[in-house]
Amino acid sequence: MRRWLDPGLPLVLSVSLSLTLAGCGEANMRDQAKANTWDANRFFPQGMTMREPVAGTVPRTDPARFVPRPAVIDAALLARGRERYGIACTPCHGRSGDGRGMIVARGFPAAPSFADARLRGASADALYRAITQGHGAMFGMGAQVAPADRWAIVAYIRALQLSQGAAVADLPELDRTRLAETAR
């Protein structure tokens, strides 16, 4: 009767496995030779590592790039800010900016209200920076919200702040009339 397993097969398998595992030592990707962006490099014709982008490459904008504050705050900017605020900010800050977004119902702590004196006194640059980098428990939205849209959101936050403490007497006559008609 012929043996199904060759007696030399376990020896061959163990030697193969040992040689395979011997190649898995401490050497890994962090120890390999690499070239940094601005290093000289004889391999490429220009003599440096950094290469020109391939023709037709679409550049990706840098989310950390600072965009100057808009010179004019108009209705279009506020409308864009309201739209972006509704997408990026309402889950935490709520539609009216009171800090009672839907995450509070899910057990997360409430965000501060934009009507708080501290946030009313915050500069527009500080609000822009908080949107970009985050602040406290808020994570940065720089990768999700375009730089120009951050300024639109800041303008809309200022509009929310004005609306929170507005006295009826401060409203234009047309708005007071509309308000009185809706109260009836």
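Only one entry of Arg118, Arg80, Arg95 meets the criterion of being under 12 Å from Gln161 (Cβ atoms) and not aromatic (Phe, Trp, Tyr), and that entry is Arg118. Applying a threshold of 6 Å to beta carbon distances and a minimum spacing of six or more residues, or different chains, the list of pairs starting in segment 159-171 at a residue that is on the phi < 0 side of the Ramachandran plot and ending at one that is open to solvent by 80 Å² or more (accessible area, probe 1.4 Å) reads Gln161/Arg120. If you filter segment 136-156 down to residues that are under 13 Å from Pro68 (Cβ atoms) and of a type in the set (A, V, I, L, M, F, W, C), you find that the one that is modelled with the lowest pLDDT is Ala148. Might you let me know whether segment 88-100 holds any residue that is over 18 Å from the mean Cα position of the chain (by Cα), polar (S, T, N, Q), open to solvent by 40 Å² or more (accessible area, probe 1.4 Å) and farther than 30 Å from Thr37 by Cα? Yes, some residue in segment 88-100 is over 18 Å from the mean Cα position of the chain (by Cα), polar (S, T, N, Q), open to solvent by 40 Å² or more (accessible area, probe 1.4 Å) and farther than 30 Å from Thr37 by Cα. Just one of the listed residues (Ala105, Ala75, Ala71) is over 18 Å from the mean Cα position of the chain (by Cα), exposed (fewer than 12 other Cβ atoms within 10 Å of the Cβ), among the small types (Gly, Ala, Ser) and under 18 Å from Ile157 (Cβ atoms), namely Ala75.
The values are calculated or read from the model by the stated rules, or taken from the named source; none is laboratory data. Everything numeric in this text was worked out from a predicted model, so none of it was measured. Neighbour counts run over all protein chains shown; Cβ positions are idealised from the backbone, glycine included. In case anyone asks, the SASA skips ligands and DNA or RNA and just uses the protein heavy atoms, side chains included. Shrake-Rupley method; radii C 1.70, N 1.55, O 1.52, S 1.80 Å.
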